[in-house]
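The values are calculated or read from the model by the stated rules, or taken from the named source; none is laboratory data. In this text the structure is predicted, and so the values were computed from the model without any measurement. Cβ atoms come from the backbone with ideal geometry, glycine included; neighbour counts cover every protein chain shown. The area values use the complete protein model at the heavy-atom level, side chains included, leaving out ligands, DNA and RNA. Shrake-Rupley method; radii C 1.70, N 1.55, O 1.52, S 1.80 Å.
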Amino acid sequence: MTAPLLEVRNLRVHFPAGGGWVHRPRGVVRAVDGVSLSLEEGEILALVGESGCGKTTLGRAILGLVAPTSGAILFEGSEVTDLAPAERRGYHRHVQMIFQDPFDSLNPRKTVLQTLAQPLRNHGLVPAREQRAAAAELLDHVGLSPGRAFLDRYPHQFSGGQRQRICIARALAVRPRIIVADEAVSALDISIRAQILKLLRKLQEEFQLSYLFITHDLGVVRSLCDRVAVMYLGRMVEEGATDSIFTLPRHPYTSALLAASPMVDPEAARRRTHIPLAGDVPSAMRPPPGCRFHPRCPIAATICREAEPPLLAFEGGRRSACHFAAEAPSWTLAAVAKREDVA
Amino acid sequence: MSAPAPGTPAAGWVEEPPRPSLWRIFALNRMSVLGLAVLGCLLVLAVFGDAIVPFDPEKIRAGPRMASPGAVHLMGTDDLGRDVFSRVLAGLRISLIVGLSAAAVSTGIGIVVGSFAGYFGRLIDDLLMRLTEVFLVIPRFFLAIMLVAFFGAHIVNIILAIALLSWPEIARIVRAEFLSLRTRQFVDAARIAGCGVLVLMFVEILPNALAPVVVAGTLQVGQAMLLEAGLSYLGLGDPSQVSLGIMLQQAQQIMRSAWWTTAFPGLVIFLAVLSLNLVGDGLNDVLSPRSRGR
């Protein structure tokens with residue numbers, strides 16, 4: 001079996017909280033706490049979870065923007081976890097990122113041309129006098145045409161959607177194999193969002209890209225992604241093909257996320273079973289013992305408070321970290337029954 | 001990480017209103033415009049002083065001793081019969097040179113120290129900021145006196161001494177800007193576009209951090225001129241140069257009998273520093289985040 005295009009093995013990213021040179025840190029934030037995943041050639045993998053679950057940190061760690069505490073990241077089977085600056089530059093030819101906030105990810109003091117020429121120049125891809133033409137061509141690819149008309153403008157002259165297109169063009173400049181898209185459409189208006197998603201899908205075919213799509217929007221996941229990985233409090237709780245997870249979630253957290261996502265059809269919305277989630281995500285500094293989800297889980301039992309569930313394999317390459325994953329379809333009933341007991 | 005809930009009206013189509021021109025904002029503050037006009041006149045006088053002045057500023061007995069201001073000697077003469085108007089223009093030039101060079105050197109040091117402290121953080125930040133604080137807590141004027149007394153009252157030494165005392169302010173401003181700018185996504189974006197650390201610091205971040213530095217740097221020109229005048233007044237000025245401070249010092253003895261020997265140099269220092277401060281205020285209006293926009 002060939003190695004996956006990108007593989008993350010048991011990755012941990014911990015940050016000291018507070019403290020400094022003089023004071024000792026007050027604790028450790030376990031933003032990513034033992035996550036493994038893999039991305040195959042040509043695949044669109046969604047990384048889903050609530051705010052603060054570590055999905056952005058995981059994305060940044062894959063790009064080498066934060067240093068992992070332990071674990072490994074492999075690109076085409078070779079380790080890229082702790083690269084020297086020169087090697088990291090080579091790695092960034094293949095793995096790029098689109099950031100969340102199009103108003104923050106373009107340097108306000110640089111023209112579009114200066115922004116797009118940077119990767120071309122740094123990687124020596126295009127001779128200096130052809131950079132203008134190459135940058136214009138990139139803009140054409142992302143639907144800002146004619147590209148040459150936009151080259152000498154500054155970011156503040158563009159709308160959010162246009163800015164995100166420029167960011168996509170910048171990521172494409174090095175002709176990467178993987179693009180990590182961190183909430184790439186969540187800051188955009190709904191109507192613009194659909195256009196950008198369409199563009200991303202078009203580019204995937206055009207340039208044979210693989211995406212790691214970090215999002216909290218399950219609508220986006222369903223329409224774009226082949227596979228889903230669900231994170232909760234720094235851990236992977238469920239993973240599998242999109243269709244199969246949307247049909248039968250094997251972790252109560254996934255069910256809750258699905259239940260919480262807005263649906264267009266009111267009939268369908270009424271028919272589905274709700275698993276309400278109480279409270280907020282606990283602090284990543286002191287994760288709960290046992291299963292991290294148990295304080296908010298509607299079906300938590302004694303075992304959940306004591307033992308951390310392993311990530312178990314199921315049919316079709318699915319994995320789930322719940323003690324009751326095998327009994328999946330019956331949860332909703334159990335949850336309802338439990339609620340009625342309380343009432 | 002935190003993202004707006006789906007459906008929240010987000011920043012999709014924010015059409016920015018056409019931005020008012022920078023001059024328009026600056027002109028809103030009438031005092032700054034006045035300051036700019038005065039500063040402009042002073043600069044012209046200082047640069048073209050040689051062509052304007054009626055007498056050699058150093059020439060003894062260019063006229064009668066301690067003549068009061070009149071048609072021939074606009075600002076009178078001093079106790080050696082030197083023309084005060086010619087000396088004021090020459091002194092203004094030296095004072096401005098000292099002020100501008102000291103502020104430039106100080107801003108340069110401040111930018112380098114502040115950039116490294118703010119970009120790298122942690123140990124480097126701690127070390128550089130403790131060093132900065134050491135310079136901040138030493139009484140400036142006394143250290144200047146010591147430095148000049150020790151290394152000699154040459155104009156270059158005076159400039160360096162003043163710069164050495166002024167950079168901490170700039171360093172702290174630059175550091176604060178870097179601390180907030182280094183976490184911006186465009187910095188990460190440049191990093192994965194293959195930029196090295198120095199490019200990130202000085203091409204990506206620094207241009208966005210310059211606005212408050214320009215303001216502080218402008219104010220420092222005035223402060224440096226005052227510091228130079230103070231040093232000169234205490235007899236630590238460069239004796240080979242005519243600066244406004246040196247004129248004040250030399251006229252100490254005859255202040256009562258010939259007021260014009262101190263009044264005019266003093267007035268010019270006052271005008272120069274005041275106009276620099278007013279211009280600094282105006283620049284602050286232009287460059288402050290309120291009007292800067294993203």
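Brief remarks follow.
- Output for region A:40-54, where each listed residue is within 13 Å of chain B (Cβ to nearest Cβ) and either within 15 Å of A:F15 (Cβ to Cβ) or in a loop (DSSP other than H, G, I, E, B) (or both): A:G49, A:E50, A:S51, A:G52, A:C53, A:G54
- For region B:241-294, taking the residues that are surrounded by fewer than 20 Cβ atoms within 10 Å (Cβ to Cβ) and aliphatic (A, V, I, L, M), the one that is modelled with the lowest pLDDT is identified as B:L287.
- Count of region B:173-208 residues which are touching a Leu at 6+ places or on another chain (Cβ under 6 Å) and closer than 22 Å to B:N284 by Cβ: 2
- For region B:68-114, filtering for residues that are in a loop (DSSP other than H, G, I, E, B) and charged (D, E, K, R) leaves 3.
- Enumeration of residues in region A:89-110 that are open to solvent by 40 Å² or more (accessible area, probe 1.4 Å) and more than 9 Å from chain B (Cβ to nearest Cβ): A:H94
- Flag for B:V199 being out of contact with any Ser or Thr (no Cβ under 8 Å at 6 or more places or on another chain) and surrounded by fewer than 23 Cβ atoms within 10 Å (Cβ to Cβ): yes
- Residue in region A:191-206 that is part of a loop (DSSP other than H, G, I, E, B) and either crowded, with 18+ Cβ neighbours inside 10 Å or touching a residue at least 60 places away in the same chain (Cβ under 8 Å) (or both) present: no
- Scanning region A:148-188 for residues that are free of Cβ contacts under 8 Å to residues at least 40 places away in the same chain and in contact with a strand residue (DSSP E or B) (Cβ under 9 Å, 6 or more places away or on another chain) turns up just one, A:V185.
- The residues of region A:111-143 that are outside any helix (DSSP H, G or I) and surrounded by fewer than 20 Cβ atoms within 10 Å (Cβ to Cβ), listed by number, are A:T111, A:H123, A:G124, A:L125, A:V126, A:P127, A:G143.
- Index of the failed condition, A:V48 passing every other in (1) open to solvent by less than 20 Å² (accessible area, probe 1.4 Å); (2) closer than 23 Å to A:P16 by Cα: (2)
- Cβ-Cβ under 8 Å pairs, at least 6 apart or on other chains, region B:121-133 side open to solvent by 20 Å² or more (accessible area, probe 1.4 Å), far side not in a helix (DSSP H, G or I): B:R122/A:G20; B:R122/A:W21; B:L123/A:W21; B:D126/A:G20; B:D126/A:W21
- Test result for A:D152, open to solvent by 30 Å² or more (accessible area, probe 1.4 Å) and not basic (K, R): yes
- Among the residues of region B:149-185, those that are more than 20 Å from the chain's Cα centre (by Cα), within 21 Å of B:L226 (Cβ to Cβ) and assigned to a helix (DSSP H, G or I) comprise B:A149, B:F151.
- Hits in region B:109-128 - residues which are under 22 Å from the mean Cα position of the chain (by Cα) and either within 14 Å of another protein chain (Cβ to nearest Cβ) or hydroxyl-bearing (S, T, Y) (or both): B:S115
- Candidate set: region A:68-88, residues that are touching a Leu at 6+ places or on another chain (Cβ under 6 Å) and either part of a strand (DSSP E or B) or within 12 Å of another protein chain (Cβ to nearest Cβ) (or both); chosen: the one surrounded by the most Cβ atoms within 10 Å (Cβ to Cβ): A:F75
- Against the criterion of being more than 21 Å from A:H216 (Cα to Cα), away from chain B (no Cβ under 14 Å), open to solvent by less than 40 Å² (accessible area, probe 1.4 Å) and among the hydrophobic types (A, V, I, L, M, F, W, C), A:L65 does not qualify.
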